[in-house]
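Structure first, commentary second.
Values quoted throughout were computed directly from the atomic coordinates according to the rules given, and no laboratory measurement underlies them. Treat the numbers as computed from the prediction; the structure is a model and nothing was measured. Quick reminder, even Gly has a Cβ in these numbers, built from the backbone with ideal geometry, and neighbours come from all protein chains shown.
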Amino acid sequence: MSEIHGIELESVSPGARRCIERAKTEGERTAAFRKVARSRRFDSIAVHGIYGMEEALQNQGAVMEPIYASTSQHFASSDEVEAAECFLAPAVPAWVYTRIANPTTYYLESTLGLLEGYDFDGEVSACVTSSGMSAIHMATSPFLDVRPSAHMNIVASAKCYGGTFMLFSLRYAAERGVDVRWIRDPLDLTSWEAAIDKETRFLYVETPSNPGVAIADISSLAGIAHGSGLPLIVDSTVATPALQRPLTLGADIVVHSVTKCLGASGTAIAGALISRLGISSRVGTEEMRDDFALYVKVLPARDQGPALSPMAAFTVLNDVRTLRARIDQMSRTALAVAQFLDGHPSVDRVWYPGLPSHPGHRLAARQMRLVDAEPRDGTPERFSFLMGFEVKGGPAAARRVYDGLSMIYRATDLGRVKSIATIPAIATHQRLGDTGRELAEVPANLIRLSVGCEHPADIIEDLDRALALAAKA
């Protein structure tokens, strides 16, 4: 190896080169333990991640991953400083500065990489960021910063989070001249194929989507993308790796708003991108294609600075330990709530992939399955915690129902252990305007409901009471 991240090793001191060799040895030890960790079941990975007994003994015996709250790392010598700045291994001991890397965020990255790569034949890497939006930006902008073209375009599903819609339509299209080719129906594969040309940089889809809970065929989209030498980027926030792991279905890069169900306690803002090694891309360096997440971490993210705080990483690590059990419970409860709403006289329509009436129901049943499901779990199909329902009587009626909730929180968040509702047209998707909301199919009478861990009877009772009060008004 004569070069690392663009730095010629011959240009560094002999002492620094020896430090780099020691770091490589440490990396091999870590890789060996990662192999052991990867052989475990999903729940065990969620609980332990990459932090084992040997490392605990190196951290005063701490059973839980320590919080490295320091902004920077102390080095024993100038050789170590030079080597660390050159090598910048994603693991300890060379983390240098928390904007670049940190041991606590590394523990979270490793855990999320193992969970998203569960049952995947290849290797994966991960990079955590300060928010879900920063993860989406870091996952997409490298493809647009290379070889600018007047005809550069991206192809994306219009059924996506409002922040994603604005990033693409304002920051990329209006400010940078990128042609954003929106796909109205993500299930319409011919529309994806027709939108691609020689200047397309990537395909982007959110499945299930927020707030419409639209489903997309990840395997088919991966085939379309790879047939044109393009990467498929999937936002899998709502499903989480407990139900859906897009890398196993052919995707190149997965993004998460870790703020949501991965960090279900609601105490931290965070994001993550996880990529398989060797992504498909027409543009970029070999280094970028070989290990995209690591490339983002040590190069563009280092310069642009979307770092996650160690405190937030520690909080999310603790939330992730119970991910499978939470998603199972929340999905079961959500199905019961959706069935109740589907039969309610004050509800026009329920958007939930667990209902046979949903256009993506059969596909969701194949794609979204409880990981490591056992006979006691019943059928493995799970359809997540998120749904939407349209209230009869239009926007005013929807507001009355919303204001009548007494246990379900009125907030713009989702994926919490507490149930939360919002009206996307006046909240998360307000900035899209009428045209944008029509394109994304976000009607004004739609209430988005994120089902938490409460007893289903209490959630249903709160909804029934609010719907009854609104009907009398």
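Only Cα sites of the chain enter the Debye sum here, all with the same form factor; the resulting log10 I(q)/I(0) across q = 0.06, 0.07, 0.08, 0.14 1/Å is -0.27, -0.37, -0.48, -1.35, listed in q order. Considering only Cα atoms, the convex hull volume of region 251-356 works out to 170 Å³ per residue.
Based on DSSP H runs of at least 4 residues, each adding -39500 (n - 2.57), what is the mean residue ellipticity at 222 nm of the chain after dividing by all its residues, to the nearest 500 deg cm²/dmol? Provide the component values of the computation, followed by the final result.
On the way: 19 runs with 190 residues, N = 473.
Helix contribution divided over all residues of the chain: -12000 deg cm²/dmol.
Residues Thr322, Thr98, Thr164, Thr237, ranked from the fewest to the most other C-beta atoms within 10 Å, line up as Thr322, Thr98, Thr164, Thr237. Since only Thr207, Leu232, Leu221 are under comparison, the one whose Cα sits farthest along the positive direction of the charge dipole of region 190-295, derived from C-beta charges on Lys, Arg, Asp and Glu, is Thr207. Calculated from the alpha-carbon coordinates, region 65-219 shows an Rg and a Dmax of 19.3, 59 Å respectively. In the structure shown, the pairs Lys159/Lys392; Lys24/Lys260; Lys35/Lys297 are assessed against 27 Å; a Cα-Cα span above that value is assigned to Lys24/Lys260. Per-peptide packing, taken as the mean over residues of other Cβ atoms within 10 Å, places 270-282, 244-256, 214-226, 113-125 in the sequence 244-256, 270-282, 214-226, 113-125 from highest down. In this Cβ point-charge picture (+1 for Lys and Arg, -1 for Asp and Glu), the chain has a dipole of about 1020 debye about its Cα centre. If you take the Cα centroid of region 240-257 and the Cα centroid of region 300-348, the two points sit 15 Å apart.
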